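Engineer: Here it is: the structure, laid out below.
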Amino acid sequence: MVLKSEDVNYLVYRYLKESGFLHSSYIFQFESQIHSNDRELPNVEPGSLIRVLQKGLQYMDVETHLNEDGTARLCTAPFSLVGKHVCSVQSSASATLDVSGVKRGTKNGTPSQQQQQLQQLQQLQRIEESVSDQNSVASNHGGHTLVHDGGSAKDAKKQPKARNIVIQHQANAATEAALATNGATDDDADQMDVDVPDTEKEAHKGAVSDAGKSGRKLRLVEQVQVQVLHGHTSPVFLCAWAPSSGGNVLATGAGDGTARIWDLLAKPKGDGVQSLTLRHDPPPAGRGNDGRLDVTSIVWNPSGTLLATACFGGQICVWTAAGEQKHMLRHRPVPVISMRWNRKGSLLLSACLDGSICLWDIKSGSLRHEHKAHSGSVLDIDWLDNTTFASCAADKSIIVWREDSVSPVKTFTGHKSDVNAIKWHPSGKYLASASDDGTVKIWSLSSDTAIHDFFGHSQQVYAVKWLPRSDKSIVASASFDGTVRIWDLVSDSCLRVLSAHTEAVHCLAFSSDGRFLASGSFDRKVRIWNVKDGSLFKTYCADDGIHDVQWAPKGKIAVAVANGLVVVFDPLVS
């Protein structure tokens with residue numbers, strides 16, 4: 001048996017990325033030089049590190065309780081990965097057990113009924129603790145996608161145990177394929193749980209019953225309907241449709257240090273790749289990861305003529321739609337987490353890991369202003385209009401700024417942990433925020449405190465999106481608890497709980513007409529929901545975790561997959 005440090009580092013790196021600690025995984029990848037080796041990195045199964053630790057823990061348990069004479073001490077005290085184990089005290093008559101399972105000190109080697117019950121109870125308790133520990137560790141992702149220290153043991157105990165969200169992909173895919181083939185109903189997936197006012201509960205209960213009797217099949221996106229884009233050599237993190245392209249031009253960013261522009265109508269080249277490759281310059285000597293720069297943000301300007309890309313090394317590039325570099329914006333080597341264009345496309349915001357926000361003039365390619373915005377990493381930014389924008393950060397705050405002022409317009413406090421995402425309502429009246437504290441809050445410039453507090457998620461809320469209609473006040477949120485919730489400001493309540501995913505959900509996208517909602521998860525599924533009744537409309541099964549989903553104006557969905565592929569399909573086409 002050979003234990004290599006690079007293998008251990010790679011398992012730790014995969015654990016961090018799978019658990020949502022994307023920024024921490026970037027840092028660890030950088031310092032451990034995982035990609036500096038010439039060998040091809042293996043595509044290990046999700047949860048590999050947890051399985052290794054679990055098996056090691058079980059071995060330590062056996063080793064600790066095994067006597068020299070081959071007997072095992074009975075102990076009901078929990079055995080944990082950290083901390084000193086103290087065995088529970090047993091009576092001398094029942095303190096040892098042969099490894100063959102026969103109690104010592106009993107007549108003719110036959111255990112008494114009481115001893116048999118104790119032995120059975122011991123085995124059941126060990127099994128329950130093992131399964132509970134494994135599920136809680138694997139399902140409690142506990143981290144912000146960019147930077148977070150993780151949940152405490154106390155917080156982990158608060159997580160619901162009834163939701164066992166660790167399910168093997170092979171079993172999942174086989175089950176869904178069988179359902180699709182046999183025409184079996186899928187009540188749990190097709191019909192979600194719903195939190196509605198009491199006056200509507202009975203009516204909804206009837207609707208659920210009728211839906212279950214309707215015999216609806218679980219509808220899967222067939223592979224013949226899917227366009228697979230090959231080219232990236234590392235996990236694809238981001239995708240963005242070019243405005244005004246009719247859903248035919250797509251940009252993607254990946255861990256291989258490149259962004260790509262795909263023309264879906266162009267004929268494939270000889271190697272099958274139909275994209276323009278956009279590369280950032282290698283980092284200065286001693287600061288890079290063997291020339292590899294993870295792309296951390298991509299965003300088109302409103303007209304679709306320019307694409308801004310940012311990398312972990314702090315470099316921002318502005319490209320034409322033809323793949324020509326127009327500007328290279330580099331202020332200092334600080335990771336860029338997010339970027340946004342204003343509505344005119346004249347200004348570009350970049351949010352940085354050190355808590356600063358840079359405002360760039362695209363016409364001249366120069367830095368107009370730098371806001372020393374937050375005491376923690378800036379995690380998201382969003383423009384209200386051409387001059388006003390908001391930012392949120394790991395310091396638990398949300399700040400509203402104007403581009404021509406160094407002082408904040410408004411500061412919102414109320415979240416108890418990192419604020420992961422913010423989004424202005426289409427009308428500009430409200431600002432929604434999602435936080436690691438498990439809440440969604442709604443803010444208004446006319447109030448100093450949140451005007452709505454939505455509770456319901458049991459873990460971190462990572463994404464928040466408004467229904468794309470200015471006359472409606474409905475917002476959707478995605479959480480690491482595996483659910484998507486739809487909230488209504490008018491009734492101040494949760495309208496829908498979409499609970500078909502089995503792992504963390506961290507990306508959402510409404511269709512342009514607001515009729516459907518797409519959600520992506522590490523369970524390798526993209527779920528398409530009918531917003532009106534909350535039913536599961538269609539499911540796409542990928543071969544790896546989903547990092548991003550984006551809906552084009554005319555029906556197509558782009559999916560960024562952790563195996564380096566980009567998938568495009570139209571869920572409305574039968």
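Engineer: Kindly evaluate residue 467 against the criterion of being over 23 Å from residue 542 (Cβ atoms), of a type outside the set (Gly, Ala, Ser) and modelled with pLDDT of 95 or more.
Structural biologist: Considered against the rule, which asks whether it is over 23 Å from residue 542 (Cβ atoms), of a type outside the set (Gly, Ala, Ser) and modelled with pLDDT of 95 or more, residue 467 comes out as yes.
Engineer: Does the range 534-546 contain at least one residue that is free of Cβ contacts under 8 Å to residues at least 60 places away in the same chain, under 21 Å from residue 423 (Cβ atoms) and crowded, with 19+ Cβ neighbours inside 10 Å?
Structural biologist: Within the range 534-546, one or more residues are free of Cβ contacts under 8 Å to residues at least 60 places away in the same chain, under 21 Å from residue 423 (Cβ atoms) and crowded, with 19+ Cβ neighbours inside 10 Å.
Engineer: Only one of (1) small (Gly, Ala, Ser); (2) touching a residue at least 24 places away in the same chain (Cβ under 8 Å); (3) more than 13 Å from residue 349 (Cα to Cα); (4) not in a strand (DSSP E or B) fails for residue 373. Which number is that?
Structural biologist: Failing condition for residue 373: (3).
Engineer: A follow-up question, please. Kindly provide the set of residues from the range 237-254 that are hydroxyl-bearing (Ser, Thr, Tyr), over 18 Å from residue 520 (Cα atoms) and in contact with a strand residue (DSSP E or B) (Cβ under 8 Å, 6 or more places away or on another chain), ordered by number.
Structural biologist: none
Engineer: Give me the pairs: first residue in the range 344-360 and under 17 Å from residue 27 (Cβ atoms), second residue buried (at least 19 other Cβ atoms within 10 Å of the Cβ) and of a type in the set (S, T, N, Q), beta-carbon distance under 8 Å, and six or more apart or on different chains, which are they?
Structural biologist: Matching pairs, first to second residue: 352/377; 353/377; 354/377; 355/377.
Engineer: Residue 350 - would you say it is of a type in the set (Gly, Ala, Ser) and in a loop (DSSP other than H, G, I, E, B)?
Structural biologist: no
To keep it simple, each residue is scored yes or no on (1) open to solvent by less than 40 Å² (accessible area, probe 1.4 Å); (2) in a strand (DSSP E or B); (3) modelled with pLDDT of 85 or more.
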| position | (1), (2), (3) |
| --- | --- |
| 208 | no, no, no |
| 218 | yes, no, no |
| 224 | no, no, no |
| 237 | yes, yes, yes |
| 240 | yes, yes, yes |
| 244 | no, no, no |
| 250 | yes, yes, yes |
| 253 | yes, yes, yes |
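Engineer: Give 476, 500 a once-over and let me know the one that is in contact with a Leu (Cβ under 8 Å, 6 or more places away or on another chain), open to solvent by 10 Å² or more (accessible area, probe 1.4 Å) and hydrophobic (A, V, I, L, M, F, W, C).
Structural biologist: Result of the check over 476, 500: 500.
Engineer: Would you check which residues across the range 337-363 are closer than 14 Å to residue 303 by Cβ, polar (S, T, N, Q) and out of contact with any Pro (no Cβ under 9 Å at 6 or more places or on another chain) and list them?
Structural biologist: Selection gives 346 alone.
Engineer: Residue check, residue 435 against (1) open to solvent by less than 40 Å² (accessible area, probe 1.4 Å); (2) touching a residue at least 60 places away in the same chain (Cβ under 8 Å); (3) not β-branched (Val, Ile, Thr), all met but one. Which one?
Structural biologist: (2)
Engineer: Now for a separate question. Report, by residue number, each residue of the range 329-343 that is in contact with an Asp or Glu (Cβ under 9 Å, 6 or more places away or on another chain) and in contact (Cβ under 8 Å) with a residue 40 or more places away in the chain.
Structural biologist: Across the range 329-343, the qualifying residues are 335, 337, 338, 340, 342, 343.
Engineer: Can you name the residue in the range 479-497 that is acidic (Asp, Glu) and surrounded by fewer than 23 Cβ atoms within 10 Å (Cβ to Cβ) and is also nearest to residue 560 (Cα to Cα) among such residues?
Structural biologist: Here the residue is 488.
Let's see how each residue does on (1) over 18 Å from residue 23 (Cα atoms); (2) open to solvent by 10 Å² or more (accessible area, probe 1.4 Å); (3) of a type in the set (Lys, Arg):
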site: 311; (1), (2), (3): no, no, no
site: 318; (1), (2), (3): yes, no, no
site: 331; (1), (2), (3): yes, yes, no
site: 340; (1), (2), (3): yes, yes, yes
site: 355; (1), (2), (3): no, no, no
site: 359; (1), (2), (3): yes, no, no
site: 363; (1), (2), (3): yes, yes, yes
site: 373; (1), (2), (3): yes, yes, no
site: 381; (1), (2), (3): no, no, no
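The values are calculated or read from the model by the stated rules, or taken from the named source; none is laboratory data. Note that the coordinates shown come from a computational prediction; the quantities given were computed from them, not determined experimentally. Virtual Cβ from ideal backbone geometry, glycine too; neighbours counted across all protein chains shown. Areas reflect the complete protein model, heavy atoms only, side chains present, ligands, DNA and RNA absent. Shrake-Rupley method; radii C 1.70, N 1.55, O 1.52, S 1.80 Å.
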